[in-house]
């Protein structure tokens, strides 16, 4: 019992310490003169222009040799179709083949259906206007399963710079308001600490132009965020 209580207490202490780390980091850089500390946040968003698709080709046959032969044939068709769609080889990655027995249950018994062969293909599409045509070509080439499809932006560094600019404006506005409220003015920046930033998927969705894709597609805007802790001197 004591061990469980001690373990729980240690976890709580670790949580509190981790939560206080950003505060402690700022506290170590505080000046002796009058100052104000603000936390600021900024965001920048854009529609994705890159799609990453995880594809799978699979086949179950009596022998692994037969199944692999069929998977190899469809893989070759997929690669040819992607090249015809203008997708460079550098944006296509075919993983190693996986082979294993394929079983099914009948009347409480496990029966061997055959040997299953699978191969995954990761595809990066840098032209979203070809998304629908690429999907159609993949289906015709023999893709068995379309797994995860993720979207990204090619100008992430530019968006991060915009988010930082927004965070800096937020910090200046907050600090100026606080200083004025106490009859003070800002005398400059003493310390800046950049907090953790991460991309956020917005909940709102937008419909892509019908001319861009033969297949309907909904995309949410990608949001890049920036967080700052800033120490301002007062006068």
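Read-outs: derived from the displayed coordinates by stated rules, not from any lab. Given the structure is predicted, the values throughout are model-derived calculations rather than measurements. Cβ sites come from the backbone with ideal geometry, for glycine too, and all protein chains shown count toward neighbours.
List of remarks:
- Across region 50-152, the mean sequence separation of Cα contacts (distance under 8 Å, 6 or more residues apart), normalised by length, yields a relative contact order of 49 percent.
- Packing here is the average count of other Cβ atoms within 10 Å per residue, and on that basis the peptides 142-150, 53-61, highest first, run 53-61, 142-150.
- Ordering 102, 107 by the number of other Cβ atoms within 10 Å of each residue's own Cβ, fewest first, gives 107, 102.
- Two-site FRET efficiency, residue 127 against residue 161, from Cβ-Cβ distance with R₀ of 22 Å, rounded to 0.05: 0.35
- Under the simplified labelling scheme, the residue 33-residue 99 pair shows an inter-label distance of 7.5 nm, with each label point 7 Å from Cα along Cα→Cβ.
- Net lengthening on full extension, residue 111/residue 189 (0.36 nm per residue, minus Cα-Cα): 20.9 nm
- Placing a label point 7 Å from the Cα of residue 60 along the Cα-to-Cβ direction, the residues of region 79-121 with a backbone N closer than 20 Å are 97-120.
- In terms of packing, defined here as the mean over residues of other Cβ atoms within 10 angstrom, the peptides 173-184, 68-79, 89-100 line up highest first as 68-79, 173-184, 89-100.
- Sequence of 225, 39 once ranked by neighbouring C-beta atoms within 10 Å, starting from the fewest: 39, 225
- Cα-only Debye scattering, region 50-152: base-10 log of I(q)/I(0) at q = 0.11 Å⁻¹: -0.38
- Label-point separation in nm, residue 91 to residue 52, each point 7 Å along Cα→Cβ: 1.5
- Whole-angstrom gap from region 30-106 to region 124-173, using each part's C-alpha centre: 13
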